[in-house]
Amino acid sequence: MTRHGIHPSLRIPDSLRRPGDLDPRTHLVRDLARRRTPPRQRPRAVPRLPRSRRRPPWSRPLLELRTLYTAVTTGGEIRDSATFGSPADYAVIERAAAEELDPESPAVAVWREFLGAPGSPMPRFAADQVTVLDGEHAQPSVSRTLIGIDQLEEIEAALDRMKHRLSVTVFAALAMASRETFGDNRFRTVMPIATRPDLTWLESMGWFVNVVPVDITLPAGADMAVALTATRASLKRAHLCDDASWGRSLAMAGAVEGPTYGASFLDIRMLPDYELVAELRGRTLRAVSYSTEEVYFWVVRGPDGLYVSTRHPAGLPGEVMERFLAEFARAMYSVTLVPVATAPVTDTAAALSAG
């Protein structure tokens, strides 16, 4: 790992080096800057890419390229940083933690409760409403702002009075939408979380992500205030799985398949270089999938409101997803109607998120 966070396997081949070259990346950026394009177009040399979860791997080379481009075109120095730790060093820590797991570990117990009896299928979204289609079909996707900034600020003001977090509210609303759309009082999904243990790996390229179970049971007739309390307790319990390998934990719990239903929340205003994300009109990255089972929700608090990106099996009727999203938005806004007297005195559980 170099001081600029480039792993040895990603270094530029010697064939591209030039006499006296100390940093071959500099020449690549200089060549890019010298292309015969009008000056007003040069900043476009860095592509406009979508934004994934918390500081995703592609964002690091993008930001580094922008830094190098600016340094070369202005004659400035390339900054040094102590926060480009080696992903290989982190992998050693991660493997050691996985080796410490055993069937009696608290994290494995949480996954076992989430899964049910050994061999049980993983939770699925609207499994009984997906039609089996002939051949392969790419999953349809949806990406839109569900709640505008004015309404979202009303929601956030209500949450401040209630001493609840927006991240908890998102998962409570997903649970409420599941009940209203499918009649399920129990909402189960998996949630990706960032796992960088300290600032050493803040700007490192690599996959610093774990997956934890979210298991929320709504009491009969629960309103959003009750759902918030249940969700906060569920997310607090999920903390036991933060540093435990999800794959190893599931295997010990008796799972026969991996997760197929996931959700995450991110407030991009908390990210480093948030202004850059807004400038690039960042949206959540959704890979193409032909799965007949997988459903994922990416819920993002952006500068213009709350937007959701999702994809789902081609056999799921679009109106089912539309109803679910409408119920989710309705549940989110319903916190503005909760009397402040029902709010908890303190907020003792930090919410989890990804990426």
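Condition check ((1) over 17 Å from E113 (Cβ atoms); (2) modelled with pLDDT of 95 or more) across all residues:
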position: D242; (1), (2): no, no
position: A255; (1), (2): no, yes
position: Y261; (1), (2): no, yes
position: L266; (1), (2): yes, no
position: R269; (1), (2): yes, no
position: E275; (1), (2): yes, no
position: R283; (1), (2): yes, no
position: V288; (1), (2): yes, no
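Looking at this structure, is S120 over 25 Å from F297 (Cα atoms) and at pLDDT 90 or above? Walk me through how you get there before you give the answer.
On the way: over 25 Å from F297 (Cα atoms): no; at pLDDT 90 or above: yes.
Spelling it out, it is not the case that S120 is over 25 Å from F297 (Cα atoms) and at pLDDT 90 or above.
Yes/no matrix, rows are residues, columns are (1) without any contact (Cβ under 8 Å) to a residue 40 or more places away in the chain; (2) more than 15 Å from L218 (Cβ to Cβ); (3) part of a loop (DSSP other than H, G, I, E, B):
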| position | (1), (2), (3) |
| --- | --- |
| T131 | no, yes, yes |
| G135 | yes, yes, yes |
| L146 | no, yes, no |
| D160 | yes, yes, no |
| S178 | no, no, no |
message: Please go through (1) more than 30 Å from A233 (Cα to Cα); (2) open to solvent by less than 20 Å² (accessible area, probe 1.4 Å) for L65 and return the number of the only condition it doesn't satisfy.
response: (2)
field: Subset of the range 123-163 (residues that are among the basic types (K, R) and under 18 Å from E319 (Cα atoms))
entry: R124, R144
query: Out of all the residues in the range 195-221, which are hydrophobic (A, V, I, L, M, F, W, C), touching a helix residue (DSSP H, G or I) at 6+ places or on another chain (Cβ under 7 Å) and under 25 Å from F328 (Cα atoms)?
result: V211, V212, V214, I216, L218
- request: Go through (1) surrounded by 15 or more Cβ atoms within 10 Å (Cβ to Cβ); (2) over 15 Å from R330 (Cα atoms) and name the single condition A157 misses.
  value: (1)
statement: Considering residues that are assigned to a loop (DSSP other than H, G, I, E, B), within 26 Å of M332 (Cα to Cα) and either in contact with a Leu (Cβ under 9 Å, 6 or more places away or on another chain) or at pLDDT below 85 (or both), the number found within the range 290-303 is 0
Unique residue being of a type in the set (A, V, I, L, M), more than 25 Å from A233 (Cβ to Cβ) and open to solvent by 80 Å² or more (accessible area, probe 1.4 Å) when the list is V142, V130, V92: V92
statement: Residue pairs qualifying under the 6 Å Cβ cut-off, at least six apart or on distinct chains, with the first in the range 80-94 being more than 10 Å from E203 (Cα to Cα) and the second being assigned to a loop (DSSP other than H, G, I, E, B) and of a type in the set (S, T, Y), are P87/S204
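The values are calculated or read from the model by the stated rules, or taken from the named source; none is laboratory data. Nothing here was measured: the structure is a model prediction, and the numbers come from that model. Every residue, glycine as well, gets a Cβ built from its backbone with ideal geometry; the counts of neighbours run over all protein chains shown. We work out accessible area using only protein heavy atoms, side chains counted, and drop any ligands, DNA or RNA first. Shrake-Rupley method; radii C 1.70, N 1.55, O 1.52, S 1.80 Å.
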